[in-house]
1. So if I take the alpha carbon set of the stretch 101-259, get Rg, then get Rh from the Kirkwood formula, what is the Rg over Rh ratio?
2. Round to the nearest 10 and give me the degree value, 0 to 90, for the angle of helix 322-337's Cα axis relative to the longest principal axis of the chain.
3. With both partners inside the chain, how many of the DSSP beta bridges are antiparallel, as a percent to the nearest 5?
4. Based on C-alpha coordinates, I'd like the Rg and Dmax of the stretch 64-146, in Å.
5. HN-Hα J couplings of the stretch 266-271 from phi, Karplus 6.51/-1.76/1.60, θ = phi - 60°, integer Hz, Gly and Pro as x?
6. How far, in degrees from 0 to 90, does helix 43-54 lean away from the longest principal axis of the Cα atoms of the chain, to the nearest 10?
7. Which distance in nm do the two modelled labels at E480 and N107 give, with both placed 7 Å along the Cα-to-Cβ direction?
8. Taking 0.36 nm per residue of sequence separation and subtracting the Cα-Cα distance, how much length would be gained by fully extending the chain between E11 and N265, in nm to one decimal?
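Derivation of every value follows stated rules applied to the coordinates shown; laboratory data play no part. Since we're looking at a predicted model, the values are computed, not measured. Cβ: placed from backbone, ideal geometry, glycine included. Neighbour counts: every protein chain shown.
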Amino acid sequence: MTRLSPELLGELPAGVDVPSYDRQKLKPRIVHLGIGAFHRAHQAVYLDDLLNKQGGDWGIVGVSLRSDSVAKQLLPQGGLYTQLEKGAENQFRIIGSVIDVIVAPENPDAVIQAIANQHTGLVSLTITEKGYCHNPATGTLLMDHSEIQQDITNNLRRPVSAVGFIIAGLKLRYEQGLPGITLLSCDNLPNNGHVLRCVVSELARIIDPMLSEWIDKHVTFPCSMVDRIVPATTDADLTCVRERLGVVDKGVVSCEPFSQWVVENNFAQPVPDYASVGVLLTQDVSAYEKIKLRLLNGSHSLIAYFGYVNGFDFVHQVVNQPVFLALIQRYMSEAQSVLGAPTSFDMKAYKSQLIERFKNPALQHQTYQIAMDGSQKIPQRWLETLTLLLDNGRDTQLFALLIAAWITYLCAKRIDGEYFEVMDPMAEQLKEWVGLPDDRVVDAVLSCEAIFGDLSQRAPQLVRQINQQYQSLNQQGAVESINNLIGNS
């Protein structure tokens, strides 16, 4: 069957939305590091909205920092791909805002040149928490990280880390006398712009102190909050799109109907008029960021660690179990109790909306996918709330159960006896800890300062609670442990 291409846009079936703008006018004005499914279902869609509404020349050059899979999907299709929006009825839309994809390991110089291109005014990132090579507990650069060490040793001649590529590109802009640009983190990190500034500044000072001073003066790092559930694309998704379009699209991304984007209004150069297509520009993103990280992402982690171990492959399956739904609702209530929100924000409606989003069976959102990289996610999703509860002398049994559930997940064994691989940048160390005798596992994991800081020293009662909940999960199982904590309601 024929492959999707620009030449076929006019031949697609009625009801399939296609770009209305002239893609030939697009220039490489945005470089996006980490062009995975989330970016293509979120930021690239907002730009596509804007181009459809106003036209213009803003085009995205995507960068794959690891594999060539996205390049193989999109380049033969002229950068086009289908957004499959899953709701009561599937919606099909061709996105045209991506104009090129560079595979960084194959052509690192092209990435550096793209960042230094005179047309480039914005570099955005969705590289996941681990891509920042930072200490999740402190936000500072991990100087002993293998990629950072390699970039320092090679003096960025052939960068391997996202931070290294950014600094190499900025260095070339600086040397060529070009203006500074905006670096926009779109990852699920609290104060993500501040984290990005910190790691970039720390590495830049080592590479070139003069460059570091130039970055401080001419580069901005706005914070942002992004929200859309984007499950991994399945073979069924590819088949669904092929049958609807009548052509093969190997770059399909699936997503839910809901989408939100909040960005700090702090740009070094003019950027696309995102506000005209629903992006909220504000002076302070932190309140929205905390709401999303602690309620949506925090709930997702809860669902993943309880759900996957107990035989549930998809989010909606977990939420449809009354005992897990009760736990999610209890978690949201406790997280909200120490969470400031804008006065106009309807928290009750937001929590109800989250549950309905989680229940969407069409998404087929995998618990195993969400469970990945817990060592990087837990500090901002759970531990910030837990710290506030401790500081206010509040009960912490629920969070003790959540952390115990993550540690149980790290044992890599499902309820039916099936073993699985724990995907985490700290997997080897975590595997060693959970291999200890049961009475030593919790203390060993909690001793990891990169995840928990000094929590175990500050809160010995919490450590005892986590030990108790870990033993309960092992001996009585999840359902009874949850019921013991929150009752049978």
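1. My calculation puts Rg/Rh at 1.04.
2. 80 degrees
3. On the way: 12 of 40 bridges.
Taking every DSSP beta bridge within the chain, about 30 percent pair in antiparallel fashion.
4. Rg and Dmax of the stretch 64-146, Cα atoms, are 16.7, 49 Å.
5. 8, 10, 6, 9, x, 10
6. The two axes meet at around 40 degrees.
7. Distance between label points: 6.0 nm.
8. 87.4 nm
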